[in-house]
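The values are calculated or read from the model by the stated rules, or taken from the named source; none is laboratory data. The shown structure was predicted, so the numbers you read here are calculated from the model rather than taken from an experiment. Positions of Cβ are backbone-derived with ideal geometry, glycine not excepted, and every protein chain shown enters the neighbour counts.
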Amino acid sequence: MAASAAVSTRHPTRLFRTEPGTTPARRVERVRLDRAQQLLLDGHGITAAARHSGLGSDETLRRAFARHLGITPTEYRRRCTGTREPAPSS
């Protein structure tokens, strides 16, 4: 981010702390999480949502959901779409 703006690496950090009240890394994670949420609501699977949002893996997606929303991606999708996860077959 700093290189593309041609500023020192500390400058964006200072701006983020005074303006949005967060760090650049947390802001990027939040933008990726917002994208993952939309992908889940659009019917994408958890792995696809993680990959296409930039979070990378199911585990990273799960941790971001826990940190920001306090629930799992599966629980989020269930609550927001009213769908149930399929029951495991015997």
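List of remarks:
- Whichever residue in the range 36-90 is of a type in the set (Ser, Thr, Tyr) and either part of a helix (DSSP H, G or I) or closer than 21 Å to Arg26 by Cβ (or both) and, among such residues, is modelled with the lowest pLDDT: Thr81
- Neighbours by Cβ (under 9 Å, 6+ apart or cross-chain): first from the range 49-77, farther than 12 Å from Gln37 by Cα; second of a type in the set (Ser, Thr, Tyr) and in a helix (DSSP H, G or I): Ser57/Thr47; Asp58/Thr47
- Residue tally, condition part of a loop (DSSP other than H, G, I, E, B), modelled with pLDDT of 70 or more and closer than 20 Å to His68 by Cα, over the range 4-24: 2
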